Amino acid sequence: MELTVLGSASPYARPGNPCSGYLVRHGGTALWMDAGPGTLAELQRHVRPDRLDGIWISHLHADHVSDLLTAYYALLYADLEPSGPIPLYGPPGTADRLRHFLSNQGPSPVEDAFDMRELYDGRTDRVGELTVESRAVEHGFPAFGARIGTGGRAEAGPGVLAYSGDTGPCPALEELAEGASLLLCEADLDAPADGEAVHLTPEQAGESARKAGVGRLVLTHVGPSLRPEDAVVRAQAAFGGPTSYAAPGEAFSAS
Ligand SMILES: [Zn+2]
């Protein structure tokens, strides 16, 4: 299984770096994971959008979802030829959010572009040759992380990719990452939040990786108050294992 970073900027796209978006491929399967602004363009370097096996959205903040708006145009009103609606896994209410923005004179047929499947904690889906288990994480409103493998539901860690989505420290993060080959984890904060934490510091990302016993930590969604190279050093010190930055265009193997 291979993870390609389409973008990792937070909370707005920068020149050369879209917001959160990733392509997960295994065999002939392609899954677009988070659709931050700028990622639809980068996705096309690797796969035609009408050939995707699925789209998985962690939560409905604009920096993770807004390129679905133009993906809708691409799938229904352009030169692409999807064989049917693309399966779209997203938090409850995803279809209504899209419809509200996309509708002009009359309601837009969002379901013609996307086959909507609402996430809940523990939901497990087979997407092509991938198994995707979605877990609810702590982000102040419905938000999910994912554990992605190529085998069945109870698969062991090697060959597994885990993705934090956006989250504060929580048991679900460590559970979904347990023994994974690769943990793609946000590190948005320079210092721990006062009160309810809805993001992680590099140290908290590293600590979660250490507790989960992952093979490699890849930091993404590094916030504007952090330099990626500093975040990697800080996370690696807490993790004690190999740590990388999710630079746009970079690819990582989760085998
Ligand atoms: Zn968010």
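The values are calculated or read from the model by the stated rules, or taken from the named source; none is laboratory data. Values in this document were obtained by computation on a predicted structure and should not be read as measured data. For neighbour counting, all protein chains shown are included, and Cβ atoms are generated from backbone atoms with ideal geometry for every residue, glycine included. Accessible surface is based on the protein model in full, side chains and every heavy atom, while ligands, DNA and RNA are left aside. Shrake-Rupley method; radii C 1.70, N 1.55, O 1.52, S 1.80 Å.
Structure above, values below:
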{"item": "Qualifying residue in the stretch 166-179 (condition: in contact with a Ser or Thr (Cβ under 6 Å, 6 or more places away or on another chain) and surrounded by fewer than 18 Cβ atoms within 10 Å (Cβ to Cβ))", "result": "no"}
{"item": "Unmet requirement for Gly90, which otherwise passes all of (1) within 16 Å of the ligand (Cβ to nearest atom); (2) open to solvent by 20 Å² or more (accessible area, probe 1.4 Å)", "result": "(2)"}
{"item": "Residue in the stretch 52-62 that is in contact with a Gly (Cβ under 9 Å, 6 or more places away or on another chain), over 26 Å from Asn104 (Cα atoms) and either of a type in the set (A, V, I, L, M) or away from the ligand (no atom under 16 Å from the Cβ) (or both) present", "result": "yes"}
{"item": "Elements of type strands (runs of 3 or more DSSP E) contained in the stretch 157-255, each with 1 or more residues being within 16 Å of the ligand (Cβ to nearest atom) and at pLDDT 95 or above", "result": "161-163, 182-186, 216-220"}
{"item": "Among (1) away from the ligand (no atom under 16 Å from the Cβ); (2) touching a residue at least 24 places away in the same chain (Cβ under 8 Å); (3) of a type in the set (A, V, I, L, M, F, W, C), the one test that Val65 misses", "result": "(1)"}
{"item": "Hey, Asp96 open to solvent by 70 Å² or more (accessible area, probe 1.4 Å), more than 16 Å from the ligand (Cβ to nearest atom), of a type in the set (D, E, K, R) and assigned to a loop (DSSP other than H, G, I, E, B) or not", "result": "no"}
{"item": "Lone qualifier among Glu250, Glu207 - being surrounded by fewer than 19 Cβ atoms within 10 Å (Cβ to Cβ), more than 19 Å from Pro158 (Cα to Cα) and touching a Phe, Trp or Tyr at 6+ places or on another chain (Cβ under 8 Å)", "result": "Glu207"}
{"item": "Odd one out for Thr29 among (1) surrounded by fewer than 21 Cβ atoms within 10 Å (Cβ to Cβ); (2) without any contact (Cβ under 8 Å) to a residue 60 or more places away in the chain", "result": "(2)"}
{"item": "Subset of the stretch 10-26 [in a strand (DSSP E or B), free of Cβ contacts under 8 Å to residues at least 60 places away in the same chain and more than 19 Å from Leu88 (Cβ to Cβ)]", "result": "Arg14"}
{"item": "Test: Val24 is modelled with pLDDT of 95 or more, of a type in the set (Val, Ile, Thr) and open to solvent by 10 Å² or more (accessible area, probe 1.4 Å)", "result": "no"}
{"item": "Residue count for the stretch 68-84, restricted to those that are open to solvent by 50 Å² or more (accessible area, probe 1.4 Å), over 28 Å from Val137 (Cα atoms) and not charged (D, E, K, R)", "result": "5"}
{"item": "Among residues of the stretch 132-156, those that are more than 16 Å from the ligand (Cβ to nearest atom), open to solvent by 10 Å² or more (accessible area, probe 1.4 Å) and either in contact (Cβ under 8 Å) with a residue 24 or more places away in the chain or outside any loop (DSSP other than H, G, I, E, B) (or both), counted", "result": "5"}
